[in-house]
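Report on the following structure.
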Amino acid sequence: MMTGLRNEKRVTWHLPLMGLLCFFICGGSTCSRQPPASLFPPPPPVFQAMPGLNELTQVMNRTQSITQLSTNSASVEVLSMPDLPRLNATLNLQREKNFRLRASLPIVFAGIDMGSNSESFWFEVPEGVSKTLYYARHDQYERQLSRAILPVDPTWMMDALGLVSLDPSAVVAGPITRTDGRLEIRTTQRKADGIYERVCILDPQAGYVTDQFLYSPTGALIARSHAENHGYYSEYQCSIPHRVEIHLTPAAGPPLSMKIEVGSYAVNQLLSGDPNLFTMPASAPQKVDLTTLSGSLERQNVSSAFQQPAEYSAGLENLQPLRGLRY
């Protein structure tokens, strides 16, 4: 019993850092909050007029040709922890769920190791002179997302990094042109605890996703991302963002925010020769299964400010966007 209480206290203390797990990424090395100027030329236009669903699907699914992203020039800025400086990081990502992020922290910390494979995900953090590994199986964690510390799974985070695709059979509204000129499309996905809805906002000419919003089965906004500084990869005919801001609002635990920047990507190759790159580390003397903790942590009420932003409504009873016109 005492061990369980200590574990819950430890997880509560680490909640802001644990948000890094689902953020999956990186770029930059200064503590300045001012975003650097874009280093990439504007991507070429792909739409000359309002696209139909088939045309939009073809453009969005160009990212499926990218199966790996890798960088040694990344950094992470935890916006929900403003006193923490940017963390230098390396990232290796491979569809569908393989991910590894190693980030160096200030001298008082040893470093963070975050990863995922087809079976599990993990988050290893220093704790005094030792370290603790938090982990969970994907299938077990997904069954309790509605009450979990982290409200999304690795596939959503890969979407936020720019590897977005579209299943036309899952579309429930759109594409439409919003009053700000951008495109909007809505899709649904059934999970163990109900139907989730995703809203994607796209550049009206270049066709890349700039913003994503994920709503829980209750209609609460649980995750959103904003992507910019897109670099165009002509070989794959798609654009990948090099600056991403992510905000998570879990049902249990505080909101988590992060800004990710990447200097340069290696596409469809991994900048690592480690055969155990996507293997969960086993050296931590302390291990905590997150599926044994999420349900026992005190459930917090989600602020109404996060539930229904003024310009979006994801409820299935109101599929008409509040901004924009249907075509």
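The values are calculated or read from the model by the stated rules, or taken from the named source; none is laboratory data. In this text the structure is predicted, and so the values were computed from the model without any measurement. A quick note on method: Cβ atoms are made from the backbone with ideal geometry, for glycine too, and the neighbour counts reach across all protein chains shown.
Brief remarks follow.
- Residue match in the stretch 185-197 (condition: over 20 Å from GLU55 (Cβ atoms) and among the hydrophobic types (A, V, I, L, M, F, W, C)): yes
- Single residue of the stretch 138-168 satisfying the filter (of a type in the set (Ser, Thr, Tyr), farther than 14 Å from TRP122 by Cα and not in a loop (DSSP other than H, G, I, E, B)) that is modelled with the highest pLDDT: THR155
- Qualifying residue in the stretch 251-260 (condition: touching a strand residue (DSSP E or B) at 6+ places or on another chain (Cβ under 6 Å), surrounded by fewer than 16 Cβ atoms within 10 Å (Cβ to Cβ) and either modelled with pLDDT of 95 or more or over 18 Å from THR63 (Cβ atoms) (or both)): no
- Residue match in the stretch 185-204 (condition: closer than 18 Å to PRO241 by Cα and of a type in the set (Lys, Arg)): no
- Single unsatisfied condition, ASP274 versus (1) assigned to a strand (DSSP E or B); (2) acidic (Asp, Glu); (3) at pLDDT below 90: (1)
- Any hit, the stretch 173-185, residues being in contact with a Lys or Arg (Cβ under 6 Å, 6 or more places away or on another chain), surrounded by fewer than 22 Cβ atoms within 10 Å (Cβ to Cβ), at pLDDT 85 or above and part of a loop (DSSP other than H, G, I, E, B): yes
- If you filter the stretch 95-109 down to residues that are of a type outside the set (Phe, Trp, Tyr) and in contact with a Phe, Trp or Tyr (Cβ under 7 Å, 6 or more places away or on another chain), you find that the one that is modelled with the highest pLDDT is ASN98.
- Entry remark, the stretch 169-210: residues being closer than 27 Å to TYR141 by Cα and out of contact with any Asp or Glu (no Cβ under 9 Å at 6 or more places or on another chain) number 8 in total.
- Verdict on LEU101 being closer than 30 Å to ALA206 by Cβ, aliphatic (A, V, I, L, M), out of contact with any helix residue (DSSP H, G or I) (no Cβ under 7 Å at 6 or more places or on another chain) and in a loop (DSSP other than H, G, I, E, B): no
- Residues of the stretch 193-243 satisfying the condition of being surrounded by 21 or more Cβ atoms within 10 Å (Cβ to Cβ), more than 22 Å from GLN64 (Cβ to Cβ) and β-branched (Val, Ile, Thr): ILE222
- First in the stretch 190-206 and over 26 Å from GLN144 (Cβ atoms), second anywhere and in a strand (DSSP E or B) and of a type in the set (D, E, K, R), Cβ under 6 Å, 6 or more apart: ILE201/GLU184; ILE201/ASP211
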